[in-house]
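Notes follow the structure.
Readers should treat all values here as calculations from the given coordinates under stated rules, not as data from a laboratory. Small disclaimer: the values here were computed from a predicted structure and weren't measured. Note: ideal-geometry Cβ built from the backbone for every residue, glycine included; neighbour counts use all protein chains shown.
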Amino acid sequence: MHARHRAVLPGWLALYYDEPLELTHGEGRHVWDARGRRYLDFFGGILTTMTAHALPEVTKAVAEQAGRVLHTSTLYLNRPMVELAERIAALSGIPDARVFFTTSGTEANDAALLLATTYRRSNQVLAMRNSYHGRSFSTVGITGNRTWSPTSLSPLQTLYVHGGVRTRGPFAHLDDDAFIRACVADLADMLGQARPEVAALIAEPVQGVGGFTSPPDGLYAAFREVLRQHGILWISDEVQTGWGRTGDHFWGWQAHGAAGPPDMLTFAKGIGNGMSVGGVVARAEIMNCLDANSISTFGGSPVTMAAANANLNHVLEHDLQGNARRVGGLLLERLRAACAGLGVVREVRGRGLMAGIELVVPGTEEPSPEAASIVLEAAREGGVLIGKGGGHATSSVLRIAPPLTLTVAEAEEGAAVLESALRAADSAM
């Protein structure tokens, strides 16, 4: 299968592991490979299987809707799409909200950029260093992570702002309050030298591909005060942080809640629990600023909307945000204890069921993708699947993001496997 994959698919399409896995089915927090081996899934298809594999409510909703009609397009009224849009608009916190559905986070961010630049009549965009917003031409142009930016060409003029990474960079030595003041001063200075009609700041509350890094709570609230003085929009990229994954909040922007809701937020991944669902939420005046017709052929399809509605029901009815807070807190404590004294570990960070372990060459601050690969392989051998990411053109951060239904017993089981894998990497380095 690997040879067939390489023969017909792009060489830049990344695969994990020295011997790539073919996953054939899943149930709950577990998946099975083609050889019949079971794994505890601590990455959820890149934070996309948000609740559980083969969640009965979702599979039933998909089957029932597929039995009626699979596809109609946005040219016709679509009851599941309207129902989901009503719920997301209310949950977003954005006043007079409108929702546009897409098929991915990339497309959602692309649509948000179209809206912001049209509304503000400017192609200047602020983005965070170490950020990732997608693989399209426009979203690559605002991605501040060289590992995931294959071209410098862009339709946008992007200005990169400090603050997304708390423990690296020129302000890392400052305490939280001083860190925020320094980042705000940098933003104000940059805007003083830019053209006055900057369109928007787009920011992930927790940087996903960048290695689950985040600023101190309150940074984006402080940024918002500066942005308002210039009429600049704030887009919160909630593709990885939405729907309660961070535990303390339903949306990542709420950690910076003193500023109120963003002008726009984007979402994707987890809401479909594996189905292709993304979207943008924006104030009506922003969403309706386009003066040309548009449609979405596959965005908001009846079957994906049925899945997302059923999945959202499960999230809310079973308080999965609360489970992310409780079980995620336990998992983080267990990982910090496992990493204590290991020279290969620079930092364990995260919130809720988003945990990052940054690995370095022992005795240095130099990122170690070699150590990350050792842990990835050893964890797989132990029956746990995780991800990796990070900045500095390396993938040196382990990314751990299980489905939100993770149990305490599964958290303990996964942490024990990861402790063994980390010790193997520490010995090898």
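Descriptive notes on the structure:
- Residue order, fewest to most beta carbons within 10 Å, for CYS183, CYS339, CYS289: CYS289, CYS339, CYS183
- Neighbours of HIS133, meaning other residues whose beta-carbon lies under 12 angstrom from its beta-carbon, give a summed charge of -4 when Lys and Arg score +1 and Asp and Glu score -1.
- Dipole of the chain, positive end: most advanced residue of GLY329, VAL345, LEU75 [Cβ charges, Cα centre]: LEU75
- As a ratio to 2.2 N^0.38 Å, the alpha-carbon radius of gyration computed for the range 72-205 takes the value 1.23.
- Vicinal HN-Hα couplings computed from phi for the range 283-299 (Karplus, 6.51 cos²θ - 1.76 cosθ + 1.60; Hz; Gly/Pro x): 4, 4, 5, 7, 4, 8, 6, 6, 10, 10, 5, 7, 9, 9, 5, 10, x
- Residues whose amide H lies under 5 Å from that of LEU233, counting only those 5 or more places away or on a different chain, are ALA200, LEU201; hydrogens are built 1.01 Å from N in the peptide plane.
- Taking the charge dipole of the chain about its Cα centre, with +1 at Lys and Arg Cβ atoms and -1 at Asp and Glu Cβ atoms, the residue from PRO170, SER214, LEU47 reaching farthest to the positive side is LEU47.
- Computed about the Cα centre, the dipole magnitude for the range 210-259 is approximately 80 debye when only Lys and Arg (+1) and Asp and Glu (-1) carry charge, each at its Cβ.
- Unit charges on C-beta of K, R, D, E only; dipole of the chain, Debye: 520
- Sorting the segments 126-132, 346-352, 168-174, 53-59 by their mean number of nearby beta carbons within 10 angstrom, highest to lowest, gives 126-132, 346-352, 53-59, 168-174.
- Net charge of neighbours whose Cβ lies under 11 Å from the Cβ of VAL361, counting Lys and Arg as +1 and Asp and Glu as -1: -2
- Each of ALA116, ALA97, SER294 was scored by the projection of its Cα onto the charge dipole of the range 59-317, and the greatest displacement toward the positive side belongs to SER294; charges sit on the C-beta of Lys, Arg, Asp and Glu.
- Size descriptor, Kirkwood hydrodynamic radius, that averages inverse alpha-carbon separations across the range 44-100, Å: 13.7
- Selection of GluC sites (Glu not before Pro), the range 374-429, meeting DSSP coil and at most 14 other Cβ within 10 Å: none
- Per-peptide packing, taken as the mean over residues of other Cβ atoms within 10 Å, places 33-46, 211-224 in the sequence 211-224, 33-46 from highest down.
- Taking amide hydrogens as placed 1.01 Å from N in the peptide plane, the amide H of VAL384 sits under 5 Å from those of LEU40, each at least 5 positions away in sequence or on another chain.
- Total formal charge among the other residues, if their Cβ is under 10 angstrom from that of GLU197, Lys/Arg +1 and Asp/Glu -1: +3
- Taking amide H as placed 1.01 Å from N in the peptide plane, the amide H of VAL161 sits under 5 Å from that of ALA127, MET128, ARG129, each at least 5 places away or on another chain.
- For the pair ASP96 and ASP177, the difference between a 0.36 nm per residue extended length and the Cα-Cα distance amounts to 25.8 nm.
- Shape of the range 197-257, Cα gyration tensor, a/c cut at 1.5: prolate
- Shape call, the range 1-132: gyration tensor on alpha carbons, a/c limit 1.5: oblate
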